[in-house]
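**Q** Sharing a structure, written as structure tokens. Questions coming.
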Amino acid sequence: MHQIIIIGSGPAGLTAGIYAARAGLEPVLFASSVEPGGELMNTTDVENFPGFPEGIQGPELMEKIQAQAERFGTKVVYDDVTALELDGDVKRVTTSDGTVHEARTVVFATGSAYRKIGLPEEERLSGHGLSWCATCDGFFFREKTIAVVGGGDSAMEEATFLTRFASKVYVIHRREELRASKIMQQRAFDNEKIEFVWNAEVVEILGDGEVTGVRLRDTVTGEDRELPLEGLFVAIGNDPRTHLVHGQLDLTPEGTIAVEGRSSKTSLPGVFAAGDVIDPTYRQAATAAGSGTVAALDAEHYLASFEDSKE
């Protein structure tokens, strides 16, 4: 019987591991067997995480946080959680090989997943000129004409990064104003390789074996036109990974896990949530780390109260 199981290995999960381990709770943390480390593993320069005035690469930051968690005794297991039983005093976590792990508390910090446009061509062309990760695939688009779909910080970061490889980067946005922060907007505006396509939505991705372009619809006039491309990157946001807790934990209208006030307490005693999975607004590495801190402290207090109630 474990005192605490943490599900997720991004900034929230690993920070929860640091605090839980330092409290002597011997946490077991399940990281994905395919995508450990969370979204920062797909990020290049992280300039806004405290303590790194010159910036740091996303994967390096996650390696450092994990090393810190393991130093204090967090056991990181590279396996996928496939089912949860969260009701009752004993929580049960099933992993991909069918093993059931029991714990007094669970911290759910599974982050979010890339949002798709919703077009049938996405499945067929994924990995064939269509990508959701510039840092993963940008190298393959040297001297090519490509486009990024989106208007937020992630879209601006992807577009700016891709100019290292591509000869031309279009940014396709549904509106005539960006949602991105001013500093990220300015970087994109100042880059001579980036051209903005305003008031346009992608209604079809063209190409049989490889992406050859997109069909755009003007959101003002309704007119269609084609834009020839050799690659397309989608950066239109993320959806919280909550499928494992559907029907067990209360969710918010935004689809995130509902928690009490500023705490990490979910609708079930002994179950706590942290990071992007509870945050539809800020979604920053620093806020996720703080959220992981809260979750570990809440779990520690819950366990102390649980022990007191048995005396």
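The values are calculated or read from the model by the stated rules, or taken from the named source; none is laboratory data. If you're wondering where the values come from, they're calculated on a predicted model, not measured in any experiment. Cβ sites come from the backbone with ideal geometry, for glycine too, and all protein chains shown count toward neighbours. With ligands, DNA and RNA removed, areas are computed over all heavy atoms of the protein, side chains included. Shrake-Rupley method; radii C 1.70, N 1.55, O 1.52, S 1.80 Å.
**Q** Scan the stretch 262-280 for residues that are under 13 Å from the mean Cα position of the chain (by Cα) and either in a loop (DSSP other than H, G, I, E, B) or not acidic (Asp, Glu) (or both) and report the count.
**A** The total comes to 6.
**Q** Tell me, yes or no, whether the stretch 120-131 has at least one residue that is surrounded by 14 or more Cβ atoms within 10 Å (Cβ to Cβ), acidic (Asp, Glu) and closer than 20 Å to Arg241 by Cβ.
**A** Yes, that holds for at least one residue.
**Q** Then there is this: Among Thr212, Thr256, Thr266, Thr219, which is the only one that is at pLDDT 95 or above, touching a Lys or Arg at 6+ places or on another chain (Cβ under 9 Å) and hydroxyl-bearing (Ser, Thr, Tyr)?
**A** Checking each option against the conditions leaves just Thr219.
**Q** Another question, if that's okay. Looking at Thr221, Thr212 in this structure, which one is surrounded by fewer than 12 Cβ atoms within 10 Å (Cβ to Cβ), over 26 Å from the mean Cα position of the chain (by Cα) and not acidic (Asp, Glu)?
**A** Answer to the check: Thr221.
**Q** Quickly run through the stretch 261-293 and pick out the residues that are under 19 Å from Arg115 (Cβ atoms) and among the polar types (S, T, N, Q).
**A** Thr281, Gln284 - these are the residues of the stretch 261-293 that are under 19 Å from Arg115 (Cβ atoms) and among the polar types (S, T, N, Q).
This table checks each residue for (1) in contact with a helix residue (DSSP H, G or I) (Cβ under 9 Å, 6 or more places away or on another chain); (2) open to solvent by less than 20 Å² (accessible area, probe 1.4 Å); (3) not in a loop (DSSP other than H, G, I, E, B).
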| residue | (1), (2), (3) |
| --- | --- |
| Glu54 | no, no, no |
| Met62 | yes, yes, yes |
| Ile65 | yes, yes, yes |
| Glu70 | yes, no, yes |
| Thr82 | yes, no, yes |
| Asp87 | no, no, no |
| Val93 | no, yes, yes |
| Glu102 | no, no, yes |
| Val106 | yes, yes, yes |
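**Q** Further, regarding this structure: Just a yes or no: is a residue in the stretch 234-243 in contact (Cβ under 8 Å) with a residue 40 or more places away in the chain, closer than 30 Å to Phe306 by Cβ and open to solvent by 50 Å² or more (accessible area, probe 1.4 Å)?
**A** Yes, the conditions are met somewhere in the stretch 234-243.
**Q** Another question, if that's okay. Looking at Ala12, is it modelled with pLDDT of 95 or more, of a type in the set (A, V, I, L, M, F, W, C) and surrounded by fewer than 24 Cβ atoms within 10 Å (Cβ to Cβ)?
**A** No, not satisfied.
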